[in-house]
Amino acid sequence: MGDDASKKQKSAALRDAEIAVLKANSNLSEKEIQELYDEFKELDASGTGRMNKEQFIKFYTQIAGSDNELVLVADNVFAVFDTNHDGTIDFSEFVLAEAIGNKKDPDSALELSFALLDTSGDALVSYDEIADFMEKGIKLGLTKEEAAAIDPKEIATGIYAMFGVDKAQKLNKQQFIDG
Ligand SMILES: [Ca+2]
Ligand SMILES: [Ca+2]
């Protein structure tokens, strides 16, 4: 592998091969990919070609607006982007996550839900991750009183009962999609 200088060189421009791969996998046009790349480069101020969680949450908060309730689920959104679970988002992950939203089939929706829930990045969804997401999720679009009337643990318990597994177990993606 090259030194830092050559890595920087490489990340400075998007190569045709990368564009071709991303186009094939994302349903985005070359122009859209280029626009995302420009956006990504701006966020990646250190020029490492990766965004860490802190940088991502800052970016996400800027887009959503800091008083927006969606900021509550920023951790979950980060988990969707970081598909290889290494704690950073590279440009391919950035593009492909943008593309997930464009897919409409039911399996993609389930895959998206699974990714949203798996904040620990171990490719498994635990009872606590579901309960935690429900707790944040029910605050979205509900008044405080309405949200207080809902018990996130109860919902998580219901979901686990639906899958017919014990609370101590974690669900893998296949179980989640098949269930
Ligand atoms: Ca990653
Ligand atoms: Ca997990």
Check: Any idea which residue in the range 76-89 is farthest from ligand 1 (Cβ to nearest atom), counting only those that are closer than 28 Å to ALA13 by Cβ and of a type in the set (A, V, I, L, M, F, W, C)?
Finding: VAL77
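Out of ALA109, ALA147, I need the residue that is under 13 Å from the mean Cα position of the chain (by Cα), away from ligand 2 (no atom under 16 Å from the Cβ), of a type outside the set (S, T, N, Q) and at pLDDT below 90. Which one?
Details: ALA147 fails: under 13 Å from the mean Cα position of the chain (by Cα).
Only one candidate passes the filter, namely ALA109.
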Margin query: For a quick check of your reading: which helices (runs of 4 or more DSSP H) sit entirely within the range 116-179 and have at least 2 residues that are in contact (Cβ under 8 Å) with a residue 12 or more places away in the chain?
Written below: 127-137, 152-163, 173-178
Checklist line | Some residue of the range 90-107 being of a type in the set (Asp, Glu), within 12 Å of ligand 1 (Cβ to nearest atom), surrounded by 15 or more Cβ atoms within 10 Å (Cβ to Cβ) and in the same structural domain as GLU32 (by TED's automatic domain parsing) | finding: yes
Note to self: Can you pull out every residue in the range 21-33 that is surrounded by 12 or more Cβ atoms within 10 Å (Cβ to Cβ) and farther than 17 Å from GLU93 by Cβ?
What the structure shows: GLU30
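Taking GLY87, is it within 15 Å of ligand 2 (Cβ to nearest atom), surrounded by fewer than 19 Cβ atoms within 10 Å (Cβ to Cβ), modelled with pLDDT of 90 or more and in the same structural domain as LEU171 (by TED's automatic domain parsing)? Walk me through it before giving the result.
Values: within 15 Å of ligand 2 (Cβ to nearest atom): yes; surrounded by fewer than 19 Cβ atoms within 10 Å (Cβ to Cβ): yes; modelled with pLDDT of 90 or more: yes; in the same structural domain as LEU171 (by TED's automatic domain parsing): no.
Answer is no for this residue.
What number of residues within the range 106-163 are of a type in the set (Asp, Glu) and under 14 Å from VAL77 (Cα atoms)? Before you say what the answer is, go through the steps one by one.
Step one: of the range 106-163, the residues of a type in the set (Asp, Glu) are 107, 111, 118, 122, 128-129, 132, 135, 145-146, 151, 154.
If we keep only those that are under 14 Å from VAL77 (Cα atoms) too, we end up with 111, 118, 129, 132.
Matching residues across the range 106-163 total 4.
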Check: Restricting to the range 47-100, what's the tally of residues that are in a strand (DSSP E or B) and closer than 27 Å to ALA20 by Cβ?
Finding: 5
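The values are calculated or read from the model by the stated rules, or taken from the named source; none is laboratory data. These numbers come from a predicted model, not from an experiment. Quick reminder, even Gly has a Cβ in these numbers, built from the backbone with ideal geometry, and neighbours come from all protein chains shown.
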